[in-house]
1. Using label points projected 7 Å from each Cα along Cα→Cβ, tell me how many nm separate Arg35 and Glu116, to one decimal.
2. May I ask you to compute the full-extension gain from Lys81 to Leu279, defined as 0.36 nm times their residue separation minus their alpha-carbon distance, rounded to one decimal in nm?
3. Multiplying the sequence separation of Glu238 and Lys224 by 0.36 nm and subtracting their Cα-Cα distance, what value in nm do you get?
4. Of Lys102/Lys130; Lys99/Lys130; Lys236/Lys284, which ones are farther than 19 Å apart at the Cα?
5. Give me Ile242, Ile44, Ile39, Ile122 ranked fewest to most by other Cβ atoms within 10 Å of their Cβ, as a rough exposure proxy.
6. When Cys248, Cys51, Cys231 are ordered from fewest to most other Cβ atoms inside 10 Å of their Cβ, what list results?
7. Work out Dmax and Rg for region 50-98 from the C-alpha atoms and quote the Rg first, both in angstrom.
Amino acid sequence: MKPREQFMEKAQGLFADLGPDQDAGDEEAKRDPLRFRTIWISDIHLGTTGCQAERLLEFLRATESDTLYLVGDIIDGWQLKRRWYWDQSHNNVVQTVLKKAKKGTNVIFVPGNHDEVIRQFIDLDFGGIKIRDELVHVTAEGKRMLVLHGDRFDGVIACAKWLAYVGDTLYTMILKFNQWFNSWRARAGLPYWSLSQYLKSKVKNAVNYISSFEDALADEARKKGLDGVICGHIHKAEIRDIGGVTYCNDGDWVESLSALVEEPSGQLRLVSWQEIMQLKRAGKEARTAARELATA
């Protein structure tokens, strides 16, 4: 069987209908969703124990958008090759995205390096999801933004892929340590603390690597005559101006639990899972108060 046919066969089984009882979710969270013009999410890493699938499900159920971009590393093929791991919540994420596409959301999947096997299907549609290598998004304000995962601007990926695999293994070990360490912090009543984010902010080489990556992406948008760039890959949520180009990174769903959103006005901003949950709780409390006032 050809690789393409093997993928299609596995995908059909993976995306099989789960039935309403397996993906019913929180009905309150689905009520009156927060609406955006566009949402960008990336670096979910489905197929790994570090993936925060349950929190992503809460985010997806609590929000709606005209367009949803999946900006790469949605499924972690690197880890799945080493060891198969696929929790029910991971399946539910896939089903939730497919349901959004079925109900009219324009879903665009831009594969990354961890799900690079999907790149053989560039320019095809699968389950209502458009698979594209890169594209230009035009905001409501008329700004033209390049959308891509960003891995081809990573010198390690481009020049020494074996080193990227080593780095991925080390990152996985750090995440496992983080899970153990933060379970202890939670029992002690302390907030979440990220070792990898700390290292990124403090280690000189990591800071230089991130800065070089951001500059390279901004330069690419500038060469194309665009207003900005939207990417993922480095797990560092950011919006900043780089020489007149708007650089946006939507973060990840392993640690930062963040997304980039476009408001109906065209404004771009970063949101976190925590912020969305707080807004949903505030809306629920407002509805409860209104009901109590109406029945008083």
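Rule-based calculations on the coordinates, nothing more; no lab input. The structure presented is a predicted model; accordingly, all values stated were derived computationally and were not measured. Every residue, glycine among them, receives a Cβ derived from its backbone with ideal geometry; neighbour counts consider all protein chains shown.
1. Between Arg35 and Glu116, the simple spin-label model gives 4.1 nm.
2. In short, 67.4 nm is gained.
3. Roughly 2.9 nm would be gained on extension.
4. Lys236/Lys284
5. Neighbour counts put them in this order, fewest first: Ile122, Ile242, Ile39, Ile44.
6. Listed from fewest to most nearby Cβ atoms, that is Cys248, Cys51, Cys231.
7. 11.8, 36
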